[in-house]
Structures are given as structure tokens and as C-alpha cells.
Amino acid sequence: MDPIELTQFDSLFNFRDVGGPAGQDGRIVRSGRLFRSDAPHRLAGADRTAFASYGVRTVLDLRRPYEVDRDGRIPEFAGLTWRHIHPEHAEWSATPYQAGADLARYLADRYADMATTGTAGLAAAIGLIADETNAPLLVHCVAGKDRTGIVCGLTLAVLGVSDDDIATDYALSTAAGERFRAWFTATGRAVHPALPPLSCPEEAMLLFLAELRDRYGSVEGYLRHAGVTDAQVAALRDHLLE
């Protein structure tokens, strides 16, 4: 597939169009329908104007309620609807990352935990994406790498995108994480010591998807277990594949 690239904003570090890779039956994932990013509450000035040009109709916010209260929502845009869906999952501080540990294994385990505890939220998020009337849609969390990576990874997988292409998109969040960390540090705040590096090794997504299939037979099998319907799977493919 053609390489997916991050879109440069001054205040948004991990924004990109998910479209482009090949999916089921050689059909291509449509561009301009599904976007992903870090939290867009900082949009202002030229960044606000640039964001408006994408015509985003729905923002799917995956953050915890206290993260929304702490940082705020995306600014108001004409015709834009904000939807908050939080997939339940343990705080990462409950299983702190140990320096020098296998980062891919650590991340894959955290993602598997979320797939277990956050089934209702993940199914609701996929269902929102499946509804064509919500497109163009932006999905985001705080840094746009983990919760957002899971939702986008599951979506792309059910569209028939290869694990390698899903992992390539996921790994773009490594460069974005470096920009995010530089900005965060410049604000004078310290990164929580329990958190891992803001890196996204491809192997983490590959492990997560492979192990999800081992448990549920397929990614589609997992989504059906979570509550995603046949009609929603069909709708995803109808409007996100060309």
C-alpha cells in the first residue's frame, strides 16, 4: 500500500487518514471517511481552520471521563457531533511498565486486557464507525496510540486489511509520540513513571491481533462476541471499502 503519513498540525500530533490500504477482495479502504488522532481540544487558529477543511461530522472520544473533565472536549465546529464512549479498562499504573522489559509484549497484554474488560465500549465504538451517517468520523484518545490504535486496528481487520498494514499504520504513532512528549514536557508536567515509552512497535499490534484470533477464531468473531451485529459488519464494509 502507499505509505500513510501523519498530517502536520502545531497542536495535534497524531492526526491521519486511515484510508488507503487494501482490504477485502482487493477493495481499498476509502480516504476521507475515518481519521484518527490524539486529543483535539487544543485546536485553535490555523490548526482549527485546517481541521475544519476535513469536514469531520462526528468525533468519537475514547478517553476516561476524568480525562475529558481535565482537558476538555474538541472546540465547537458547525455540524460536528461529539460522542463519548469509554471502553472500560484498568489504569496502566495497576500494571506499571518496568524499564527494559519487552515493550511489545507489555503493550499487547494491555490491549488484550482492554479487549476483555472493554467489550461493550469497543462494540459501541465500532458500531458508531459502521454508521455511514456519522462519517467523516475522527476517533481519538489522549495520545492517539493505544485505545485509538485498538479501535482502528479492529476496524481495519474486519475490513480485511492485512496485519502488516495495520501494524504499519499503528507504528506511525511512535514519531507522533515523540512530538507529543516534547510538547507535554514543555508544559512543565512530568510523565507518570508507571507509563511505558510513547512508542508503538509493530510487534505489539501483530501480537494483539494474532492472540485475539487464537482466542476467538477471528477478529470478526471477537467483534460478534463483543456485540457487533452482522448488519454493522456489513455496513462497515459497504461504506469504508471502495
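The values are calculated or read from the model by the stated rules, or taken from the named source; none is laboratory data. Treat the numbers as computed from the prediction; the structure is a model and nothing was measured. All Cβ positions, glycine included, derive from the backbone under ideal geometry; neighbour counts span all protein chains shown. All accessible areas refer to the heavy atoms of the entire protein, side chains included, with ligands and DNA or RNA removed. Shrake-Rupley method; radii C 1.70, N 1.55, O 1.52, S 1.80 Å.
In the condition set (1) open to solvent by 60 Å² or more (accessible area, probe 1.4 Å); (2) out of contact with any strand residue (DSSP E or B) (no Cβ under 8 Å at 6 or more places or on another chain), E242 is compliant with all but (2).
Scanning the range 123-149 for residues that are under 18 Å from V68 (Cα atoms) and part of a helix (DSSP H, G or I) turns up A125, R147, T148.
Anything in the range 171-197 that is part of a helix (DSSP H, G or I) and either at pLDDT below 85 or closer than 15 Å to L103 by Cβ (or both)? List them, or say none. If the condition is that a residue be part of a helix (DSSP H, G or I) and either at pLDDT below 85 or closer than 15 Å to L103 by Cβ (or both), then A171, S173, T174, G177, E178, F180, R181, A182, W183, F184, T185, A186 are the ones that fit. Among the numbered criteria (1) in a helix (DSSP H, G or I); (2) surrounded by 16 or more Cβ atoms within 10 Å (Cβ to Cβ), which one does G221 miss? Exception for G221: condition (2). The set of residues in the range 165-201 being free of Cβ contacts under 8 Å to residues at least 40 places away in the same chain, of a type outside the set (G, A, S) and surrounded by fewer than 22 Cβ atoms within 10 Å (Cβ to Cβ) consists of T174, E178, R181, F184, T185, T187, R189, V191. Of all the numbered requirements in (1) within 18 Å of A99 (Cβ to Cβ); (2) out of contact with any Lys or Arg (no Cβ under 6 Å at 6 or more places or on another chain), C200 misses one, and that requirement is (2). When the range 116-125 is filtered for residues that are closer than 21 Å to C200 by Cβ and touching a helix residue (DSSP H, G or I) at 6+ places or on another chain (Cβ under 6 Å), the ones remaining, listed by number, are L122, A125. Taking (1) within 16 Å of the chain's Cα centre (by Cα); (2) more than 22 Å from L240 (Cα to Cα) in turn, G45 satisfies each apart from (1).
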